[in-house]
Amino acid sequence: MTTATMALPLLGLRITAGPLELRGITDDLLGPLADLAIEGIHAPDAMPFFMPWTLAPAEELPRNTAQFYWGRRAAFSVAAWAADLAVFWEGELAGTQGMEALDYLVTRTAETGSWLGRRFQGRGIGTAMRQVVCAFAFDHLDAEYMTSAAFSDNPASLAVSKKVGYTDSGWQRMARLGKPATQRRLVLTADSLVRHGHELTIEGLPEFRQSIGLAAD
Ligand SMILES: CC(C)(COP(=O)(O)OP(=O)(O)OC[C@H]1O[C@@H](n2cnc3c(N)ncnc32)[C@H](O)[C@@H]1OP(=O)(O)O)[C@@H](O)C(=O)NCCC(=O)NCCS
């Protein structure tokens, strides 16, 4: 019988490294992710996201969260894919780590994006999950570059990028909540990656590779 994971292998992807597990966002995780967002991701006077989705009233976040991930799944293609992964730390859901790419078979470049519930921040989890997703992309998806972007007033994200080995690749002036803001851009190559201490164990790799247009192995 054909399953949802056969239709979208991202749903069956599981990457484990010590206490960290990254897992395709299946429907059962959408409610718990919304709960984490409702508990809070950032200080009320900060806005780390380009799309200020965390400003929505709490009662709208369950539907917004589900629709966001459903939309990304619906739009998944070889030419434009997004791999959103739930982050578990010591078995507890802590946030998400994603990467997305346009024309990946040509560019071999993917951009990361992530968030953690506030109670999980500042414990090294953000660094570990970025190290793991970048190692996964370089070692198992044939990536050549990983990119990231963060507003200049997001020291935690910029610190993670620096610790993981990214270097500055420019900046962009953007509109954020109607005011100008500077977004800094960063780039990483395999040679510069500061690796996580644990080996990666991966489930669902051949199927995921094929879903983004790569050979199964
Ligand atoms: C960005 C984020 C994923 C990082 O995860 P994290 O688990 O908090 O990060 P870590 O604990 O691994 O590391 C954070 C680093 O930032 C540093 N940092 C945090 N706040 C800082 C500040 N105000 N000034 C300077 N450095 C700061 C920490 O000192 C730490 O570096 P260190 O280990 O060398 O001390 C997380 O903070 C988060 O979800 N933030 C809200 C959402 C967000 O900003 N997403 C990214 C959008 S681009």
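What follows draws every value from the coordinates through simple rules; no lab data is involved. Fair warning: this is a prediction, and the values are worked out from it, not measured in the lab. Note that we place each Cβ from the backbone using ideal geometry, even for glycine, and neighbour counts take in every protein chain shown.
Quick notes on this structure:
- Its DSSP H runs of at least 4 residues, each contributing -39,500 (n - 2.57), put the calculated 222 nm mean residue ellipticity of the chain at -8500 deg cm²/dmol, to the nearest 500.
- Placing +1 on each Lys and Arg Cβ and -1 on each Asp and Glu Cβ, with no other charges, gives the stretch 28-99 a dipole about its Cα centre of roughly 400 debye.
- For the stretch 114-217, a/c is not less than 1.5, where a ≥ b ≥ c are the root eigenvalues of the C-alpha gyration tensor, and a/b tops b/c. That puts it in the prolate class.
- Classification of the stretch 44-173 by its C-alpha gyration tensor yields a rounded form. The axis ratio a/c (a ≥ b ≥ c) stays under 1.5.
- Across the chain the C-alpha pair distances fall into 5 Å bins from zero in the proportions 1, 7, 15, 19, 21, 19, 12, 5, 1, 0, 0 percent.
- Exposure proxy for Tyr145, Tyr69: other Cβ atoms within 10 Å of each Cβ, ordered fewest to most, give Tyr145, Tyr69.
- Of Glu111, Glu199, the sequence from fewest to most neighbouring Cβ atoms within 10 angstrom is Glu199, Glu111.
- Order by protection proxy (mean Cβ within 10 Å, highest first), peptides 9-17, 22-30: 9-17, 22-30
- Taking the Cα centre of the stretch 4-211 as reference, the dipole from Cβ charges on Lys and Arg (+1) and Asp and Glu (-1) amounts to some 600 debye.
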